[in-house]
Amino acid sequence: MCKGFTLIEMLIVIIIVALLVSLSVPKYKTAMEKARAQEGITNLTLAADQANGYYMSHEDKGYTGFSSNYGQGADKTKQVYFNTVGISGGGENLTLSIARKTGAYTLGMQLSGGKVSRRTCTGDTRLCDAIGWE
C-alpha cells in the first residue's frame, strides 16, 4: 500500500486554501487603505485645529486671511499618500480638503464659527465607507 496523498485530497486542500485567500484579500486591502487614510485625516485635523485657533484669535475677521502657513502649517507633515490640504472660503465658514494621490477619494472638513460642522468623503464610496469618514 502506498503512503501519501491522493490527487483528489490535494485538489480539495488547494480549493480550500484558494477559497480562504479569496475571502481575506479584500478585507486586507480595505484595512490597508483605512491605515493609509490616517495620514490624510491627521493632516486635515491639524489644519482644522490651526484654522480654529486662527478663528479664535481673529474673531473680528473670522477665517479671512487664514492660510496653511499659519502656526506650524499642515503642509509640514509627512505626505506619502495624500496631496497638500486645500483651503477655500473665509469669513465665518471655511472648507478644507485633502485628496488621495491616486485620485480615489477626497476627504473634507467644513468649519463654521470655530468648530468642525461637517466631514465629507467624495469619490470611491466603497473606500469612503471603509474609512468611516462621513
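The values are calculated or read from the model by the stated rules, or taken from the named source; none is laboratory data. A quick note: this is a predicted structure, and the numbers were derived from the prediction, not measured. Cβ sites come from the backbone with ideal geometry, for glycine too, and all protein chains shown count toward neighbours. The accessibility values were calculated without ligands, DNA or RNA, using every heavy atom of the protein model including side chains. Shrake-Rupley method; radii C 1.70, N 1.55, O 1.52, S 1.80 Å.
One table, with the values for the structure above:
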item	result
Verdict on residue 96 being in contact (Cβ under 8 Å) with a residue 24 or more places away in the chain and farther than 16 Å from residue 35 by Cα	yes
The range 120-134, subset surrounded by 14 or more Cβ atoms within 10 Å (Cβ to Cβ) and among the small types (Gly, Ala, Ser), residue nearest to the chain's Cα centre (by Cα)	130
Long-range neighbours under 8 Å by Cβ, at least six apart or interchain, first residue over 17 Å from residue 120 (Cβ atoms) within the range 39-62, second among the charged types (D, E, K, R)	39/78; 52/115; 62/92
Residues satisfying the stated conditions in the range 20-38, i.e. open to solvent by 30 Å² or more (accessible area, probe 1.4 Å) and either in contact (Cβ under 8 Å) with a residue 12 or more places away in the chain or part of a loop (DSSP other than H, G, I, E, B) (or both)	30, 34, 36
Scan of the range 89-100 for residues that are outside any strand (DSSP E or B) and either under 30 Å from residue 27 (Cα atoms) or in contact with a strand residue (DSSP E or B) (Cβ under 9 Å, 6 or more places away or on another chain) (or both), ordered by number	92
Hey, residue 57 at pLDDT below 90, loosely packed, with under 15 Cβ neighbours inside 10 Å and not β-branched (Val, Ile, Thr) or not	yes
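Listed here are the residues, each with its yes/no results for (1) open to solvent by less than 20 Å² (accessible area, probe 1.4 Å); (2) farther than 20 Å from residue 51 by Cα; (3) part of a loop (DSSP other than H, G, I, E, B); (4) of a type outside the set (Phe, Trp, Tyr).
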{"position": "87", "(1), (2), (3), (4)": "no, no, no, yes"}
{"position": "102", "(1), (2), (3), (4)": "no, yes, yes, yes"}
{"position": "106", "(1), (2), (3), (4)": "no, no, no, yes"}
{"position": "111", "(1), (2), (3), (4)": "yes, no, no, yes"}
{"position": "118", "(1), (2), (3), (4)": "no, no, no, yes"}
